[in-house]
Every structure is written in structure tokens, then in C-alpha cells.
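Since the structure comes first, as C-alpha cells, the remarks are kept for the end.
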Amino acid sequence: MKKLNQTIERVLKDEDDVRTATAPYQAEFPYERDEEAQVTRREFCNFLGLTSAALFLGAGGFAAKAALDARSSESFTTAQIAGAEMLAPNSSLNFNYPSERDSAILIRTADGAYHAYGQKCTHLSCPVYYSRDHQRLECPCHEGAFDAATGNVLYGPPPRALDTIQVEVRDGQVWAVGRKTSGGEHAS
Amino acid sequence: MQANGKSERPSERHHAAVWQARLIMLVMINIAQLWILAATVDAALARHYAVLVPLVIASGVCFLITLSIIRWWRPISRRKTSTGYVRTSLKDQ
């Protein structure tokens, strides 16, 4: 305890020494550390004003982007899902569709049927994964769950079902043929 | 009232009270706008497009109120002149 007090005293003394040592220079370069640490009411007011503007622009930008995304009509190409034919029942496979940036998940349920969904959770876009034990899609971020056969929400915070990717089996190969956004409304 | 060994004049007390009220209101509006932004993100991800416009309008109204508080709602001990706001002395009031 005594040692700690000595250390504190030494540090405080060093601080005093530094202040004294820099004092002559402060006449030419008037930098006041104590004043620098203070925020005036006016500065704080301006900061709040700028924050308000940023929040307004953020909300507007987000809404505009959502509206634009809803209006744009995408055309989908057909793509083969590599390795899907070897997928064992009650297991999953990750792939990208319709573009390389859009991650998706293919599930082969216990009855042998194929179902594919966009991998982004509809709550806050975390990637969902297939839980073999529970035979459902689960989101690890906020504990949401989706039905493996329909993509519908089973429980948790997600507000709508997962985006569905339409799959077709042609000559034993599995093909992704389209993507459908489920739930919600269309922008008018 | 004693503060730092000096007595505060009534006008200074009122001035400080107005400043405090302004700051509190601005902070509250910022918090409301944060909530609106969170609701906007939620609505956009859920594709509930009908509520997006009202949310953006609400955020805009909050911003306008903030702007009006910063720009016009000032303590009465300040008088507007052609060069801006200046503090008036007590005998001028």
C-alpha cells in the first residue's frame, strides 16, 4: 500500500515537472491541456446537431436503398449446384446463387427432397446454418430458426421467411433456377 | 446562489437553465432518431416498405426540430444583431 502511494506521488510529481518544463514554450504555443479536455456547450450542441443530420441521412439512405432494391427486377440464370447429387439426406451444402456474392444453402431433408435458401437471416443478415440434430435452419446471432422444408420462421426475431431458391433435379443433377423473396410487401 | 466564491446573477442562472434545457432536448431528440434509424433498418430488412416513408419523415422532423433549437431557440440574454448573436449586459435588459 505504501509502495502504491509512493508510485502515485512520483507520477503526480512527474506531471508537475512536465508542466513546469513546458511552461516557457506555452507562451509561444499556447496549448492548455486542461482546457483542451473540456468540451464547451456550444461544441456539444453542434455535435448533437451533426449527429441528428447523420441519423436523418442514414434513415433516408437506408430507406432509399431498400426501395431501389425492391424496384429492380432481377433475371436469374440457371446454374448447376456442384456436388449436390452426392449430398446425403439430412445434410446441407453451401453454394453461391444468383451471383458469387450471394451465399445460399442447399438442404437435403431426411426424405431425400432438396430445398435451397438464401443464407442471410432475415433479421440482421447473419448467415444461417443447418442443424442436423433439430432438422431446421438456425441463426446463431439472435437464436432465430427456420423450417427446413419451407423456410418459414419457427421462432425468434426474424420478421419473415428466408428467400427461397427454386431448385430442379435434371438427370440426377441439381440446378438452381430462380430466387424468390418471401414475405413483405412490394414497393409501390 | 454561491458558485466558486462568487454570487451568480439571476440572468446567469436563467441563461444556464436555458442552455441545459437545450442540451437535454437535443440529446432526447438524438435518442429518438437512433430509435427511428433502428426501426428503419428493421423495416427495410423485413421488406415492410409502407412504414419506411413515415419513419424517414419522422427522422426529418426530428432533424428540423434540432436545427431550430440550435439556430433559433437561444437564451433571452442574447440579442440578435446583424453580425449574429451578442451577449447583452444586465442593464440593457
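Within region B:43-52, take every residue that is part of a helix (DSSP H, G or I) and within 7 Å of another protein chain (Cβ to nearest Cβ) and give me the one that is modelled with the lowest pLDDT.
Only one residue fits best here, namely B:Leu45.
Which residue out of A:Ala63, A:Ala53 is within 11 Å of chain B (Cβ to nearest Cβ), touching a Ser or Thr at 6+ places or on another chain (Cβ under 9 Å), modelled with pLDDT of 90 or more and more than 30 Å from A:Asn152 (Cα to Cα)?
Matching residue, one of A:Ala63, A:Ala53: A:Ala53.
Of these, A:Ser92, A:Ser99, which one is surrounded by 14 or more Cβ atoms within 10 Å (Cβ to Cβ), more than 14 Å from chain B (Cβ to nearest Cβ) and either closer than 30 Å to B:Ile31 by Cβ or among the polar types (S, T, N, Q) (or both)?
Matching residue, one of A:Ser92, A:Ser99: A:Ser92.
Which pairs have Cβ atoms under 6 Å, sit 6 or more apart or on different chains, and link a residue in region B:47-68 that is touching a residue at least 12 places away in the same chain (Cβ under 8 Å) to one that is aromatic (Phe, Trp, Tyr) and surrounded by 22 or more Cβ atoms within 10 Å (Cβ to Cβ)?
Once the first residue is touching a residue at least 12 places away in the same chain (Cβ under 8 Å) and sits in region B:47-68, its partners that are aromatic (Phe, Trp, Tyr) and surrounded by 22 or more Cβ atoms within 10 Å (Cβ to Cβ) give B:Ser59/A:Phe56; B:Phe63/A:Phe56.
Keeping to region A:76-95, report how many residues are under 19 Å from A:Ser131 (Cβ atoms), among the hydrophobic types (A, V, I, L, M, F, W, C) and not in a loop (DSSP other than H, G, I, E, B).
Total satisfying the criteria: 2.
Which count do you get for residues in region A:15-50 that are over 30 Å from B:Ala38 (Cα atoms), in a helix (DSSP H, G or I) and modelled with pLDDT of 70 or more?
The number of residues fulfilling the criteria is 0.
With respect to the numbered conditions (1) in a helix (DSSP H, G or I); (2) over 17 Å from the mean Cα position of the chain (by Cα), which one is the sole condition not fulfilled by A:Ala66?
The one condition A:Ala66 does not meet is (2).
Quick one: in region A:141-163, which of the residues that are in contact (Cβ under 8 Å) with a residue 40 or more places away in the chain and within 20 Å of B:Tyr49 (Cα to Cα) is surrounded by the most Cβ atoms within 10 Å (Cβ to Cβ)?
Taking the candidates together, the pick is A:Leu162.
Hey, among the residues in region B:15-41 that are more than 7 Å from every other protein chain (Cβ to nearest Cβ) and modelled with pLDDT of 95 or more, which one's nearest to the chain's Cα centre (by Cα)?
B:Met28
Would you check if there is a residue in region A:155-169 being of a type in the set (Gly, Ala, Ser), more than 21 Å from A:Asp102 (Cβ to Cβ) and modelled with pLDDT of 90 or more?
Yes, because at least one residue in region A:155-169 is of a type in the set (Gly, Ala, Ser), more than 21 Å from A:Asp102 (Cβ to Cβ) and modelled with pLDDT of 90 or more.
Taking the stated definitions as given, is A:Gln38 touching a residue at least 60 places away in the same chain (Cβ under 8 Å) and either touching a Leu at 6+ places or on another chain (Cβ under 6 Å) or surrounded by fewer than 16 Cβ atoms within 10 Å (Cβ to Cβ) (or both)?
Judged against the criteria, A:Gln38 is not a match.
Out of all the residues in region A:102-110, is one or more in the same structural domain as A:Gln173 (by TED's automatic domain parsing) and at pLDDT below 85?
No, that holds for no residue.
Anything in region A:96-151 that is assigned to a strand (DSSP E or B) and hydrophobic (A, V, I, L, M, F, W, C)? List them, or say none.
Across region A:96-151, the qualifying residues are A:Ala104, A:Ile105, A:Leu106, A:Ile107, A:Ala116, A:Leu137, A:Cys139, A:Ala145, A:Phe146.
Any residue at all in region B:74-87 that's exposed (fewer than 11 other Cβ atoms within 10 Å of the Cβ), at pLDDT below 95 and facing chain A (nearest Cβ under 10 Å)?
Within region B:74-87, none of the residues are exposed (fewer than 11 other Cβ atoms within 10 Å of the Cβ), at pLDDT below 95 and facing chain A (nearest Cβ under 10 Å).
Any idea which of A:Gly172, A:Gly178, A:Gly144 is in contact with a helix residue (DSSP H, G or I) (Cβ under 6 Å, 6 or more places away or on another chain) and more than 13 Å from A:Ile107 (Cβ to Cβ)?
The unique qualifying residue is A:Gly172.
The values are calculated or read from the model by the stated rules, or taken from the named source; none is laboratory data. Source: prediction; values computed, not measured. Every residue, glycine as well, gets a Cβ built from its backbone with ideal geometry; the counts of neighbours run over all protein chains shown.
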